[in-house]
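Peer 1: What follows is a single structure, and I will ask about it in a moment.
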Amino acid sequence: MQDYKAPADLLKDRIILVTGAGDGIGRCAAKTYAAHGATVILLGRTISKLESVYDEIEAAGHPQPAIVPMNLEGAAVKDYEEMAMTIEESFGQVDGILHNAGLLGQRTPIELYDPEIWEQVMRVNVTAPFLLSRALIPAMRKSDDASIVFVSSSVGRKARAYWGAYSVSKFALEGLSQLLADELDDERHNVRVNSLNPGATRTNMRAHAYPAENPDSNPTPEDIMPMFLYLMGPDSHGVTGQQLDAR
Ligand code: NDP
């Protein structure tokens, strides 16, 4: 499915929330989903970046998106609940969530790892996807064909030295993905849940993680969109509880 060819109207009339929609992979996914007919809810912490994605989607004539400014590090349980209520009032249901926002944290041995940075990374990479899923599951149950995608990493499947909280947080995210897939696997099969590892991709995060690497040696976010489309659209109906790779 890495070479999946999506029809232009794949996501017509679907409501899809993308976290970390202002930059990198999330920005590209939000624009790609909109280009395939989805109404995209752009969630992120830097409003100017979200506004520029909004403007690009509008200028391209795709369905009008919505902006949800939210810092996933500091948001409280009630912020998620209020946001879910507003989304349900505005859109009625949610057909997709791309849990994409992520924090790299430090690349350093555990014995030197800053406990505060550990907490920050765990909040953004694990607790936030938990709270967001928890708040939005009722709105997803209203969809006939909903998809939750957790953006993971190779170090969330096999740990590597010096990846610290980032690696541990992605292991936890894989666990949340499997657990939720099992819980939502009822006779309607209307909410599927999978994890997706993008692989090395040309973004700010990758440049920070590998400062000595030539960024041009990696695929762009656009290059990895086929799997992001496949998992959000109807062709992946019934695919759930899987650990998938974008390439
Ligand atoms: P970027 O750093 O380019 O983008 C991350 C996005 O997450 C940004 O939009 C950022 O917002 C947002 N974000 C970070 N912290 C918060 C927060 N506290 N609240 C709200 N939003 C936040 O990273 P990538 O696009 O590379 O990464 C996207 C996902 O892909 C991540 O989950 C990452 O772990 C995963 N991944 C990436 C790989 C790669 O090679 N690029 C490889 C494997 C996995 P802002 O712009 O405001 O900072």
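Peer 1: Somewhere in region 197-219, is a residue among the small types (Gly, Ala, Ser), more than 14 Å from Gly96 (Cα to Cα), within 12 Å of the ligand (Cβ to nearest atom) and outside any helix (DSSP H, G or I)?
Peer 2: Looking only at region 197-219, we keep the residues that are among the small types (Gly, Ala, Ser), and these are 199-200, 207, 209, 212, 217.
After this cut, where a residue has to be more than 14 Å from Gly96 (Cα to Cα) as well, the list is 199-200, 207, 209, 212, 217.
Among the residues that remain, those that are also within 12 Å of the ligand (Cβ to nearest atom) are: 199-200, 207, 209, 217.
Next cut, outside any helix (DSSP H, G or I) only: 199-200.
Scanning region 197-219 turns up at least one residue that is among the small types (Gly, Ala, Ser), more than 14 Å from Gly96 (Cα to Cα), within 12 Å of the ligand (Cβ to nearest atom) and outside any helix (DSSP H, G or I).
Peer 1: Determine which single condition Gly37 fails, assuming it passes every other condition in (1) touching a helix residue (DSSP H, G or I) at 6+ places or on another chain (Cβ under 9 Å); (2) farther than 20 Å from Leu131 by Cα; (3) at pLDDT 95 or above.
Peer 2: (1)
Peer 1: Exactly one condition in (1) free of Cβ contacts under 8 Å to residues at least 40 places away in the same chain; (2) crowded, with 23+ Cβ neighbours inside 10 Å is false for Val155; which is it?
Peer 2: Going through the list (1) free of Cβ contacts under 8 Å to residues at least 40 places away in the same chain; (2) crowded, with 23+ Cβ neighbours inside 10 Å, Val155 breaks only (2).
Peer 1: Let me ask something else about it. Please enumerate the residues belonging to region 82-123 that are polar (S, T, N, Q) and closer than 26 Å to Leu42 by Cα.
Peer 2: Thr86, Ser90, Gln93, Asn100, Gln120 - these are the residues of region 82-123 that are polar (S, T, N, Q) and closer than 26 Å to Leu42 by Cα.
Results for (1) more than 20 Å from Ala75 (Cβ to Cβ); (2) within 15 Å of the chain's Cα centre (by Cα), shown as yes or no for each residue.
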| residue | (1), (2) |
| --- | --- |
| Glu116 | no, no |
| Ala128 | no, yes |
| Leu132 | no, yes |
| Arg157 | yes, no |
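Peer 1: If you don't mind, there's one more thing I want to ask. Test Thr240 against the criterion of being in contact (Cβ under 8 Å) with a residue 40 or more places away in the chain, assigned to a loop (DSSP other than H, G, I, E, B) and within 17 Å of Ser154 (Cβ to Cβ), and give yes or no.
Peer 2: no
Peer 1: What about Lys49, is it crowded, with 19+ Cβ neighbours inside 10 Å, at negative phi and outside any loop (DSSP other than H, G, I, E, B)?
Peer 2: no
Peer 1: A further question follows. List the number of the failed condition for Ala139; all other conditions in (1) surrounded by fewer than 20 Cβ atoms within 10 Å (Cβ to Cβ); (2) modelled with pLDDT of 95 or more hold.
Peer 2: Ala139 satisfies every listed condition except (1).
Peer 1: Take the conditions under 19 Å from Ala139 (Cβ atoms), under 20 Å from the mean Cα position of the chain (by Cα), crowded, with 18+ Cβ neighbours inside 10 Å and of a type outside the set (Val, Ile, Thr) and apply them to Ala165. Does it pass?
Peer 2: Answer is no for this residue.
Peer 1: Determine the pairs where a residue that is under 13 Å from Thr127 (Cβ atoms) and within 16 Å of the ligand (Cβ to nearest atom), located within region 52-81, has a partner that is of a type in the set (S, T, N, Q) and in a helix (DSSP H, G or I) with Cβ atoms under 8 Å apart, the partner being 6 or more residues away or on another chain.
Peer 2: The qualifying pairs are Glu73/Gln120.
Peer 1: For residues in region 3-44 being basic (Lys, Arg) and in a loop (DSSP other than H, G, I, E, B), which is farthest from the ligand (Cβ to nearest atom)?
Peer 2: Lys12
Peer 1: Which of the residues that make up region 1-48 are among the small types (Gly, Ala, Ser) and in contact with an Asp or Glu (Cβ under 7 Å, 6 or more places away or on another chain)? Spell out the reasoning first.
Peer 2: Taking region 1-48 first, the residues among the small types (Gly, Ala, Ser) are 6, 8, 20-22, 24, 26, 29-30, 34-35, 37-38, 44, 48.
Scanning region 1-48 gives a single hit, Gly37.
Peer 1: Another one. Return the pair list, or none, for Cβ contacts closer than 6 Å from residues in region 184-196 that are among the β-branched types (Val, Ile, Thr) to residues that are in a strand (DSSP E or B) and at pLDDT 95 or above, at least 6 apart or on different chains.
Peer 2: From residues that are among the β-branched types (Val, Ile, Thr), the pairs are Val191/Ala146; Val193/Ile148.
Peer 1: Here is a follow-up. Looking at region 222-232, is at least one residue surrounded by fewer than 20 Cβ atoms within 10 Å (Cβ to Cβ), closer than 14 Å to Gly24 by Cβ and either among the aromatic types (Phe, Trp, Tyr) or at pLDDT 95 or above (or both)?
Peer 2: Yes.
Peer 1: Right, another one. I'm checking my understanding of the structure. Among residues of region 82-121 that are within 12 Å of the ligand (Cβ to nearest atom) and under 29 Å from Asn190 (Cα atoms), which one is surrounded by the most Cβ atoms within 10 Å (Cβ to Cβ)?
Peer 2: Among those residues, the one meeting the criterion is His99.
The values are calculated or read from the model by the stated rules, or taken from the named source; none is laboratory data. Because the structure is predicted, anything quoted here is derived from the model rather than measured. Backbone-built Cβ (ideal geometry, glycine too); neighbour counts: all protein chains shown.
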